[in-house]
Amino acid sequence: MVRSLPPADYGQLNTLMAVFMLITVPANTVQTTVTKYVSSFQAQSQHARVNGFLRHFLLMTAIVGFSFFILIALGRSFLSSFLQISSHGLILLTGIILFFAMVTPVPLGGLQGLQKFGLLAFNLFINGGLKLALGVLFIFWGWGVLGAMAAIAFAYGITTFISLLLLWFIRKSQRMGTHGMENLREDDSSSISEAYQYFFPVGITLLCFMALTQIDLILVKHFFTPIEAGYYSIAQMVGKVILFLPLPVVMVMFPKVSLMDAQGEKTFTILLQSLIIAGFLGALGMILCHLFPSSIIRILTGTVYPECFPLVKLFSINMTFFSLTFILLYYHLATQKRRFIYPLLSATLIQIGAIVLFHQTMLQVLSIVAVTAFLLFGINVYLAIKGDKLLFKADVSDRK
């Protein structure tokens, strides 16, 4: 898309995706919660509880997704004005994507919780592959930003169908394998009620993290000219590559840590391994961005935009620290820790307020983000180490 669209048009596309990612926080909350509880049920061999749990959240997410679509449709004029996007069709397409994006996390969370990582990767590959292939095709047909958004809508719709089908086959085979061995009811209201209570810390975590990594783009689109916002979006795209590189690490770490924590096993070693992998990937990205910013931008966009060079360098640093913080946040959630929420929420509000007050240049905006990213990483490392020491002391005391 960044190769085929002018900077101003790419800025529109990237801003719509930032809005999309912020609004889909409830969906990401559902996937994290479903993963957590399905993995816990599997650890206790309580297969029947999985069925009612998944069915309940499929219904709830479908209702929420449809409600979001209605709200987007009704508020399209306001969104069009605030984001400086003239096409109402783009706003409506965002609403359609939101509907599918609300439903898909339930089957994906089920696959992740069951540790079917191959099938999970297959779904993600289909999603990303269809976005790319259809996006290229629609752009070739001259549909512009509308074509890019249509490709995302098709990709999410097909991924939703495939993931539901795969999960149905898996659950069917598991029911056949455990027939007559389990008498638990599928409509276990206690686990569903407990899951809703788990929503709060997960929801706050994901909402804050999305705001920390996306709100700057939305504010830049509002405060700066379309061409400046376009340059910022191009630079942010490079940063997003670094931010999302450790995502597979989180997808594997979270259910494993959840299962081990449910069984009373130590989990700090897995966190350390995850941070080392993510740190290596982030450091490699930072080095490349600082040494070869023009080459990276040329490879990704087909054109060299000198205005993006200093932005790319700062984005590489910011997103590396945010990617490491993301791993730490999910580790806290998997081990049922809550103390990290207060500094996370405070940092989010401070960053938003600081950007609103101080946005003379785009580098100033990115400097504010950089300070926030570094401080959050340090705070969460401290909390993780402190939590591990407390567990170690408790373990020694129990042995005595």
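Before moving on, here are some points about what is shown:
- Hey, Ser4 buried (at least 24 other Cβ atoms within 10 Å of the Cβ), in contact with a Gly (Cβ under 9 Å, 6 or more places away or on another chain) and either of a type in the set (D, E, K, R) or touching a residue at least 12 places away in the same chain (Cβ under 8 Å) (or both) or not: no
- Residue in region 253-260 that is under 18 Å from the mean Cα position of the chain (by Cα), over 21 Å from Thr213 (Cα atoms) and in the same structural domain as Lys386 (by TED's automatic domain parsing) present: yes
- Checked against the criteria, Phe57 does not count as assigned to a helix (DSSP H, G or I), at negative phi and exposed (fewer than 15 other Cβ atoms within 10 Å of the Cβ).
- Against the test of being surrounded by fewer than 18 Cβ atoms within 10 Å (Cβ to Cβ), assigned to a helix (DSSP H, G or I), modelled with pLDDT of 90 or more and among the aromatic types (Phe, Trp, Tyr), the options Phe200, Phe161, Phe169, Phe138 yield a single qualifying residue, Phe161.
- Taking (1) without any contact (Cβ under 8 Å) to a residue 12 or more places away in the chain; (2) more than 30 Å from Val202 (Cβ to Cβ); (3) outside any loop (DSSP other than H, G, I, E, B) in turn, Val304 satisfies each apart from (3).
- Leu54 within 16 Å of Thr104 (Cα to Cα), out of contact with any Pro (no Cβ under 7 Å at 6 or more places or on another chain) and free of Cβ contacts under 8 Å to residues at least 12 places away in the same chain: no
- Any hit, region 73-80, residues being in a helix (DSSP H, G or I), under 30 Å from Glu307 (Cβ atoms), in contact (Cβ under 8 Å) with a residue 24 or more places away in the chain and in the same structural domain as Met149 (by TED's automatic domain parsing): yes
- The single condition among (1) within 29 Å of Ser173 (Cα to Cα); (2) buried (at least 20 other Cβ atoms within 10 Å of the Cβ) that Phe117 does not satisfy is (2).
- Lys131 fulfils the conditions (1) in contact (Cβ under 8 Å) with a residue 40 or more places away in the chain; (2) of a type in the set (D, E, K, R); (3) under 14 Å from Ser4 (Cβ atoms) except for a single criterion, (1).
- Failed condition for Val371, given (1) free of Cβ contacts under 8 Å to residues at least 12 places away in the same chain; (2) exposed (fewer than 14 other Cβ atoms within 10 Å of the Cβ): (2)
- Count of region 187-197 residues, restricted to those that are at pLDDT 75 or above and acidic (Asp, Glu), is 1.
- Members of region 207-241 that are among the polar types (S, T, N, Q), under 17 Å from Ala8 (Cβ atoms) and part of a helix (DSSP H, G or I): Ser233, Gln236
The values are calculated or read from the model by the stated rules, or taken from the named source; none is laboratory data. Here the structure is a predicted model, which means the values were calculated and not measured. Methodologically, a virtual Cβ is constructed for each residue, glycine included, from the backbone with ideal geometry; neighbour enumeration extends over all protein chains shown.
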